[in-house]
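Here's the structure, in structure tokens; my notes come after.
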């Protein structure tokens, strides 16, 4: 695929189509990787975005319970002393 470099103010940029943005899940930022004469664009993911808000909702709904015991019945804690 070939793309044109366009003028943006005093800079230049690369315009990506909506199809490419959606296909590669590119939102607001990309990581530029300079490697062996190539420039690689990689979407910057924010997988933990809004976690704090969601954890607070879990707490408020009393849904923040452990799914399994944090100590097992056959666990020997004496060896850690």
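Taking the listed residues 31, 54, the one that is at pLDDT 85 or above, surrounded by 10 or more Cβ atoms within 10 Å (Cβ to Cβ), in contact with a strand residue (DSSP E or B) (Cβ under 7 Å, 6 or more places away or on another chain) and not in a loop (DSSP other than H, G, I, E, B) is 31, with no other qualifying.
So, residue 2, is that one assigned to a loop (DSSP other than H, G, I, E, B), surrounded by 10 or more Cβ atoms within 10 Å (Cβ to Cβ) and without any contact (Cβ under 8 Å) to a residue 12 or more places away in the chain or not? Working first, answer last.
On the way: assigned to a loop (DSSP other than H, G, I, E, B): yes; surrounded by 10 or more Cβ atoms within 10 Å (Cβ to Cβ): no; without any contact (Cβ under 8 Å) to a residue 12 or more places away in the chain: yes.
When the stated conditions are applied, residue 2 does not pass them.
The values are calculated or read from the model by the stated rules, or taken from the named source; none is laboratory data. The model shown is predicted, which means the values in this text are computed figures rather than measured ones. Methodologically, a virtual Cβ is constructed for each residue, glycine included, from the backbone with ideal geometry; neighbour enumeration extends over all protein chains shown.
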